[in-house]
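Presented below is the structure to which this report refers.
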Amino acid sequence: MRELPTDTDRDEFHALVVRTDYGDEPAWKAVTAELMKPWGDDGCYEALVHFVDDPAWAGATVDEVLEAASANDELSVLFVADSVTMSSAHHALLAVATSEEEDEPFEEDDEGIHEFGREFRTVPTEVHWIHANLSLANLDFEEYAQAAHEDPEKVFRSF
C-alpha cells in the first residue's frame, strides 16, 4: 500500500494535492504556479498547499489516494493532479471527497444533488475556495459537484 508522508507540516488549512502523473513536467510547474498564487478577494490570502510530489505515486488510482488519506479525519477533500490535469488546457484537478456523508439524512430538497458522486474537476484557482469552504462546512461537496456537472466541460470554475 502506498502511504502519504507522515513527517510533514501540513495542517487543516493546507489543501492536499497528490500528483499521480509524471509525464509532463512543464504542465506540473504550471499547475503548482497557479496553486501558489495568493487567493481570495484581491489576493488577500496566502496559498497554503501541501504537495505530494513523489514518483512512487505515479499511476495511483483515486481509491489508492483515498485509502492513504483515510487516516486524516480532518481532511474533507483532496485534489489529484492526474493525466487529465496535465493534458488539459485548464489543468483541472480532480477534487475528491474523503468521506461519504451516509450518516446525514438527506433533506428532501437536496436529494437531487447527491447524484453527482464523490469527485469533480476544478481549475487550480478554485482549489483554495473549495478547501476552505468544505473545511468550514460553509458549502457541501455536492454543491460544487453540481456546479461542475452543469459546466459544458464538467469543470468547476466558480460560483
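Rule-based calculations on the coordinates, nothing more; no lab input. Just so you know, these numbers come straight off a predicted model, no measurement behind them. Glycine also receives a Cβ, built like all others from the backbone with ideal geometry; neighbour counts cover every protein chain displayed.
What the table below lists for this structure:
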{"item": "Mean Kyte hydropathy of 0.5 or more with a Cα span along the axis of at least 27 Å, helices from DSSP in the chain", "result": "none"}
{"item": "Extension gain (nm, one decimal) between ASP73 and LEU139, 0.36 nm per residue minus Cα-Cα", "result": "21.9 nm"}
{"item": "Within the chain: Cβ-based charge dipole about Cα centre, in debye rounded to nearest 20 (Lys, Arg +1; Asp, Glu -1)", "result": "1040"}
{"item": "In nm, spacing of pseudo-spin labels at ASP63 and ASP41 (7 Å Cα→C-beta vector)", "result": "4.4"}
{"item": "Cα-Cα P(r), the range 5-69, percent of pairs per 5 Å interval", "result": "4, 15, 23, 23, 20, 11, 5, 1"}
{"item": "Percentage, to the nearest whole number, of Cα pairs in the range 15-156 over 23 Å apart", "result": "33"}
